[in-house]
Amino acid sequence: ALDELAIVRAPSGRLLWSYARLSAENRAASAVLKVDIDICDEAGQVCVRLRGLSSREFEAGIGAPATLLFKPQWRTAAVEGGAEAAYAQHWVVFCAGGERSRRIEAELAAVLPGARSIAVDGGVGIAARYEAACCRVLELVQEVLRDRPKGEVLIQLVVELAEEEALFEGLSGLLKTARQENPKLLGQVIGFGAEENAASVAAKLRESARSGGDQQVRYRGGERLVGGWSETAAAEGTAALPWR
């Protein structure tokens with residue numbers, strides 16, 4: 001569980017540091033451990049604050065404790081041929097409005113006539129647009145959960161993989177959390193290059209709909225990539241802090 005999450009600023013580089021300490025609310029006798037974490041860039045500026053991150057110790061009998069490290073990994077994963085998936089509801093959310101989204105919507109109506117689409121227009125600036133997209137997707141998820149669907153519901157978010165537009169891939173976390181509340185809700189964040197035309201995007205949305213369990217998908221260089229995790233070895237030695 002997490003009490004509070006604050007996004008302060010964008011990092012100045014690719015290398016980040018985590019500063020973790022016990023929360024002021026942590027109780028020594030409690031089975032729940034509470035920590036606060038600041039994620040900082042190389043200049044020492046706090047970029048993200050996590051407050052009251054709680055964890056509980058496993059019961060006895062799980063073996064010796066160990067640390068596992070993982071890194072994001074994209075693997076090639078083509079969709080095997082087969083029948084179209086039947087969903088109780090199918091939603092497509094465009095994280096950027098404009099003429100391109102309207103063209104894709106028109107193509108989508110031909111290849112997936114049962115899908116309903118939403119285009120998010122959050123105004124000027126990536127911060128306002130991201131907030132608008134997050135709020136609209138959350139509203140959609142809440143609407144779907146209130147309906148208590150009897151069959152599976154697929155929500156596909158369309159993201160352009162170009163500069164700040166790619167930040168909308170972060171909305172995958174919202175969809176993954178929603179699926180934990182209701183396994184019938186399937187969420188996909190699907191990224192496309194700016195060179196993809198409307199017909200190609202619509203066809204690939206249809207393709208990925210046949211594999212609704214793939215939560216993060218990218219189409220790049222003629223390949224379909226699915227996001228996941230791979231274990232990585234811990235670095236040896238102790239790294240020196242770049243700031244005090």
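The values are calculated or read from the model by the stated rules, or taken from the named source; none is laboratory data. Since this is a predicted model, take the numbers as computed values, not measurements. Methodologically, a virtual Cβ is constructed for each residue, glycine included, from the backbone with ideal geometry; neighbour enumeration extends over all protein chains shown. Each accessible area value is taken on the protein alone, full model and side chains, heavy atoms only, with ligands, DNA and RNA left out. Shrake-Rupley method; radii C 1.70, N 1.55, O 1.52, S 1.80 Å.
Between Ala31 and Arg103, the contour length at 0.36 nm per residue exceeds the alpha carbon distance by 20.4 nm.
Given R0 = 51 Å, the distance between the Cβ atoms of Glu4 and Arg210 translates into a calculated FRET efficiency of 0.85. Extension gain for Ala240-Leu138 works out to 32.6 nm (0.36 nm per residue, less the C-alpha to C-alpha distance). Across all Cα pairs in the range 138-244, the calculated P(r) in 5 Å bins from zero up to the longest distance comes to 2, 10, 20, 18, 15, 12, 9, 7, 4, 3, 1, 0 percent per bin. Can you work out the accessible area per residue across the chain, with the rest of the protein chains kept in place, probe 1.4 Å, in square angstrom? Heavy-atom SASA per residue in the chain reads 61 Å². Within the range 164-244, the GluC sites (Glu not before Pro) that combine a DSSP coil assignment with at most 10 other C-beta atoms in a 10 angstrom radius are Glu195, Glu236. When DSSP beta bridges are limited to those with both residues in the chain, what percentage is antiparallel, rounded to the nearest 5? That works out to approximately 60 percent antiparallel. Under 15 Å from a label point set 7 Å out along the Cα-to-Cβ vector of Thr177, the amide N atoms of the range 1-32 belong to 1-7.
Each part gets one Cα centre, and for the range 6-27 versus the range 189-244 those centres are 25 Å apart.
Per residue, the convex hull spanned by the Cα atoms of the chain amounts to 190 cubic angstrom. Per-residue ellipticity at 222 nm, computed for the chain from helices alone with -39500 (n - 2.57) per DSSP H run of at least four residues, works out to -7500 deg cm²/dmol. State the percentage of accessible surface on the range 18-123 attributable to carbon and sulfur atoms; use a 1.4 Å probe and exclude ligands, DNA and RNA. With neighbouring chains kept in place, the figure for the range 18-123 is 54 percent. When only Cα pairs below 8 angstrom with a gap of at least 6 residues are kept, the range 1-150 shows a relative contact order of 16 percent.
For Ala119, the residues 5 or more places off, or on other chains, whose built amide H falls under 5 Å of its own are Phe94.
In the chain, excluding the sites themselves, the longest stretch lacking any of the chymotrypsin sites (Phe, Trp or Tyr not before Pro) that are in a DSSP loop with at most 11 other Cβ atoms within 10 Å is 59-242.
Computed from label points 7 Å out along Cα-Cβ, the spacing between Ser12 and Ser54 is 3.7 nm.
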